[in-house]
Amino acid sequence: MKYRFLGKSGLLVSRLALGTMTFGATDWGCDEQEARAILRRFLDKGGNHLDTADVYAAGKAEEILGRFLPEIRREEVIIASKCYFPMGTLPNAYGLSRKHVMDSCEASLRRLGTDYIDLYYLHGPDPISPLEETLRALDDLLRQGKIRYLGCSNFFGWQIAKACGIAARMGFESLVAGQYLYNLIHREPEREIVPAAVDHGLGILCYSPLGGGLLTGKYRRGQPAPEGSRLAGRELEEERLARVERLERFAAERGHTLLELAISALVSTPEIGSVIAGATRPEQVRANAAAAGWRLSAEELVALAAL
């Protein structure tokens, strides 16, 4: 496993991160025993970046991770978590107010059983809470040693610029990472989010690199979706499936699978700090790690973008 500095920071993260959204998710995820096997496989492959959030399985993902951490050295891993979405029914149990940010961080620390979180994200933009209030709360948490680095998720480019401008003006620590839905089918972040992030020194982290299974090859034109599929409607439009076929041919010409191409293309993109891939079985971690070892050339990336 290779590592990359995250944005303008001095933090090294593995190019492949392990997403934990599946941990404790009863309908489509994995139980704690399987999650522990997945974590072990990921660490054995040299990964160090574990991505979670308070809202994943209503806190269960953080709890599972927290029960695993005593079995390793805490400094071995870079733990990322997030706040924003509702974690209860109280009036202040959501958003990016100072109260919710501070309460959410403390709750995540308890579930994780650790005294600090390496990378703490704003899980989405809050149209109500002043960004100055939010960033001051984050800066206070950072100065208290409860978080080490700051990130945003699902912010627009102008919101990245605004947040970084406020941080500079008020003397706060600024963002070093932005996390987005980004894969070979969903490339919208390339329009204005990636340029804004690069301009302000943020590293990009991609979630859903396999497009919810679309980039694994199991969805075909003219064939019904597999039983139990979570994709439907626009996600399975003819145009998208045709692009999947072109991508699959591109991969096959180079002796690789569509899944390997989906991971490798992102890992090979200079602006991307880490690719977040979840798993429900340890074998998927092995496959993802192998894919991350294939490096596409600059010429191949250009050809890929034209498909």
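Every number here is computed from the coordinates shown, using simple stated rules; none is lab data. None of the values given here were measured: they were computed from a predicted structure. Here the Cβ is made from the backbone with ideal geometry for all residues, glycine too, and neighbour counts use every protein chain on show.
Per residue, the convex hull spanned by the Cα atoms of segment 56-171 amounts to 100 cubic angstrom. For the chain, the Cβ-based charge dipole about the Cα centre amounts to some 380 debye (Lys, Arg positive; Asp, Glu negative; other atoms uncharged). Here the Karplus relation 6.51 cos²θ - 1.76 cosθ + 1.60, evaluated at θ = phi - 60°, turns the backbone of segment 194-211 into coupling constants of 4, x, 5, 5, 4, 4, 9, x, 8, x, 9, 10, 9, 10, 6, x, 9, x Hz, with x for every Gly and Pro. For segment 1-120, rounded, prolate or oblate, judged on the Cα gyration tensor with a ≥ b ≥ c (square roots of eigenvalues), a/c < 1.5 rounded, else prolate if a/b > b/c? It comes out oblate by the Cα gyration axes.
Rg over Rh for segment 115-223 works out to 1.08, both radii taken from alpha-carbon positions and Rh defined as the Kirkwood radius.
If you stretched the chain out fully between E133 and S297, how much longer would it get, using 0.36 nm times the residue separation minus the C-alpha to C-alpha distance?
Going from the current span to full extension adds 54.7 nm.
Full extension of the chain between A305 and E188 gives 40.9 nm of extra length, using 0.36 nm per residue less the Cα-Cα distance. Taking the fewest neighbouring Cβ atoms within 10 Å as the starting point, the ordered list for D199, D140 is D199, D140. Which of the listed residues, Y3, S104, I64, is farthest toward the dipole's positive end in segment 1-138, when Lys, Arg count +1 and Asp, Glu count -1 at the beta-carbon? It is Y3, whose Cα lies furthest towards the positive end. 3J(HN,Hα) couplings calculated from phi for segment 272-289 with the Karplus curve 6.51 cos²θ - 1.76 cosθ + 1.60 (θ = phi - 60°) are, in sequence order, 8, x, 7, 10, 8, 10, x, 7, 10, 9, x, 4, 5, 5, 4, 5, 5, 5 Hz; Gly and Pro show x.
Out of all Cα-Cα pairs in segment 90-155, roughly what percent, to the nearest whole number, are more than 14 Å apart? For segment 90-155, the share of Cα pairs beyond 14 Å comes to 55 percent.
A crude spin-label estimate for the pair R169 and R143, with each label 7 Å from Cα along the Cβ direction, gives 1.9 nm.
Computed from label points 7 Å out along Cα-Cβ, the spacing between A37 and A161 is 5.0 nm.
The distance from the alpha carbon centre of segment 35-76 to that of segment 109-187 is 21 Å, rounded to a whole number. Taking 37 °C and 0.692 mPa s as conditions, the chain diffuses translationally at an estimated 165 µm²/s according to Stokes-Einstein applied to its Kirkwood radius (Cα pairs). Overall dimensions of segment 23-68, expressed as equivalent-ellipsoid semi-axes from the Cα gyration tensor (√(5λ), whole Å, largest first), are 18, 12, 9. Listed by chain and number, the lysines whose alpha-carbon sits under 20 Å from that of K218, ignoring those within fewer than 8 places in the same chain, form an empty set.
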